[in-house]
1. Would you please name the GluC sites (Glu not before Pro) within the range 21-120 that are DSSP coil residues with at most 16 other C-beta atoms within 10 Å of their C-beta?
2. I'd like the accessible area for R131, computed on protein heavy atoms only with a 1.4 Å probe and all protein chains in place. Round to 10 Å², please.
3. To the nearest 0.05, how large is the calculated FRET efficiency for D65 and E262 if R₀ is 56 Å and r is the Cβ-Cβ distance?
4. Over the range 312-417, what is the mean sequence separation of C-alpha contacts under 8 Å (at least six apart), divided by residue count, expressed as relative contact order in percent?
5. Determine ³J(HN,Hα), in whole Hz, for all residues of the range 449-455 in sequence, where each value follows from phi through the Karplus function 6.51 cos²θ - 1.76 cosθ + 1.60 and θ = phi - 60°; x replaces Gly and Pro.
6. Mind checking the full-extension length gain between E25 and Q364? Use 0.36 nm per residue of separation minus the Cα-Cα distance, one decimal, nm.
7. Could you tell me the center-to-center distance, by alpha carbons, between the range 129-195 and the range 316-346 in angstrom?
8. Any idea how far the Cα center of the range 397-457 sits from the one of the range 28-58, in Å?
Amino acid sequence: MSYPVFHERGPDGVSVFASHEAFAEQFPSEGDHIEFKQGFPAGKIAEAVVAFSNTDGGVILLGVDNKGEVKGVDTGGETQAKVHRLVGDVRNSGRYALHALTVETRGVLVLSVDKRREGFAQLSDGRVLVRRGAMNTALYGDDLTRLVMDRATSGFESTPMSKTPLAAADPALVQGICKVHQWEASQATERLVEIGLVDPGRGGLLTVAGVLFLTRRPADVLGKSYVEVFRFRAGSAMYVDRKEFAGPVHEQVTDATRALVEELGSDVVVAGLYRHELPRLPERVIREALANAVAHRAYEKNREAIRVEIHPDHVSIRSPGGLPEPVTVANLRHQSAARNSAVIRLLRAFNLAEDAGMGIDMMQDAMDEALLDRPHFEADADHVDVTLTLGSTITPEERAWLGELERAGSLEPRDRLLLVHAARGEVLTNTRARKVLGADSTHARASLQRLRSAGFLEQYGSRGGAAYRLDPSIASMRPRPLNGKETLDQIMALAWKQGRLTNQDLREQVGMDRAEVTVFLARLVESGRLERHGERRGAYYTPVASQDEGAL
């Protein structure tokens with residue numbers, strides 16, 4: 001069932017009812033699937049969310065009195081964040097969505113709640129409610145027992161594996177779990193039961209979670225419970241390299257993270273007196289994306305691994321299984337849920353995952369801080385996909401330049417984007433600054449004035465006619481790029497002359513350090529001009545004939 005249905009949308013995308021009569025026709029009265037709330041009574045909203053989750057779903061219309069008359073509420077971001085928090089106080093709510101609409105000139109927030117497919121929702125005091133007509137009714141006795149039995153679900157991670165006793169656990173891995181928790185070795189079995197790695201009955205069998213952490217190759221028991229990493233060239237559907245990370249899940253996260261960081265490398269730029277190595281993706285973002293994939297995948301889907309693809313312009317991570325309720329792509333930053341709670345708790349114990357509810361925030365904030373595009377999430381019933389874009393509209397040279405200005409303590413992070421646009425020759429007005437920053441007029445004006453006061457911008461005109469340009473005094477501070485065409489062509493000439501190149505060859509002949517050479521080689525591989533052979537210290541590179549032989 002889908003709620004609500006609207007007739008048109010205004011210019012800002014908000015759904016619009018032209019009249020109160022049209023709204024009343026769509027939402028005539030409270031009933032099995034509709035509830036009105038004039039304000040934001042936390043307890044009553046929570047009761048409706050629980051009842052709709054445990055029955056057939058429905059909508060809560062905020063800003064509408066109990067007679068169906070629209071009184072109106074603020075529908076801005078702060079109000080919506082408040083509603084997200086109210087839903088977050090419910091235990092195990094179903095998936096939900098929040099919509100803003102306008103009835104004539106009055107705002108209404110529509111909280112649409114889906115029926116929970118697994119388990120059941122509860123209030124914070126433990127009550128279980130269902131929707132009966134226009135009432136949210138508590139269940140007791142036999143009615144409650146039937147609902148619990150019908151909806152009961154145990155996580156697959158807690159399933160005992162009949163052919164994998166505790167004796168099959170690797171002693172070093174058991175010791176590692178004890179060490180991270182500061183347990184005595186004599187307590188190991190008891191403690192492993194407590195954290196869900198060992199089933200207390202049936203002779204002490206390892207659970208699914210236990211196999212994931214305590215065996216050297218979980219895939220031997222659980223199927224494709226590993227991470228595959230594929231590297232692709234530009235425009236090609238065929239991968240040119242594949243790596244498999246199939247150890248215990250915490251090692252999968254650390255090893256796959258390390259491999260991706262090495263594979264992607266950094267952009268190296270000299271700005272002022274400093275040499276900047278700018279990772280193409282922040283390591284902590286890669287690690288959190290992999291930790292999320294490992295912790296929240298559906299391990300019962302044992303014919304499919306976590307798939308990581310490295311393309312010249314992006315990295316994608318696909319995890320088997322949809323998002324756990326009540327999480328959706330739309331509310332990722334507001335809600336959290338764990339499909340495999342034992343797995344995520346242990347990853348946090350190893351400092352491989354952020355605290356509950358903080359992972360998505362960290363990923364988005366870290367990409368913002370690095371002036372890179374935010375992660376893009378997609379999900380359906382079978383998969384969750386995360387895409388991390390390589391590069392952004394801000395070049396490495398611009399990132400290094402801004403880093404120099406921040407190092408001097410004269411540039412605030414929130415003003416960086418405006419300075420980049422000015423450095424590109426734009427004339428900034430308050431209107432343009434609002435669009436660049438996605439901020440209101442007051443904040444945009446404050447940013448422009450800070451940049452002017454710091455000596456970065458020159459102001460022309462005043463009041464409504466004020467415009468700002470880059471101050472000529474800082475134009476000379478722009479960084480010197482190290483990735484010029486001449487250097488790339490020089491490397492290719494050496495490759496054709498010698499037939500093969502190593503990192504050490506280039507350091508000796510071109511006069512650069514290891515990090516700089518690694519960046520150039522990676523770019524030539526990505527563009528298809530060089531082919532890489534071997535791994536790490538044994539790697540060497542040969543020219544690709546189809547790209548360069550005609551030109552040379």
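1. On the way: sites: E21, E25, E30, E35, E47, E69, E78, E104, E118; in loops: E30, E69, E104, E118.
Answer in residue order: E69, E104, E118.
2. Only protein atoms counted, so the area is about 10 Å².
3. Numbers: r = 61 Å, r/R0 = 1.09.
It comes out at approximately 0.35.
4. Values: 118 pairs, mean separation 34.8, N = 106.
About 33 percent, as a whole number.
5. Listing the rounded values in order: 6, 5, 5, 5, 5, 7, x Hz.
6. Working: separation 339, 0.36 × 339 = 122.04 nm, distance 4.13 nm.
Length gained between E25 and Q364: 117.9 nm.
7. So the separation of the two Cα centres works out to 18 Å.
8. Centre-to-centre (Cα) distance: 45 Å.
The values are calculated or read from the model by the stated rules, or taken from the named source; none is laboratory data. Worth saying up front: this structure is predicted, and the values here are computed from it rather than measured. With ideal geometry, Cβ positions are generated from the backbone for all residues, glycine too; neighbour counts draw on all protein chains shown. Quick note on the areas: whole protein, heavy atoms, side chains included, nothing else; ligands and nucleic acids left out. Shrake-Rupley method; radii C 1.70, N 1.55, O 1.52, S 1.80 Å.
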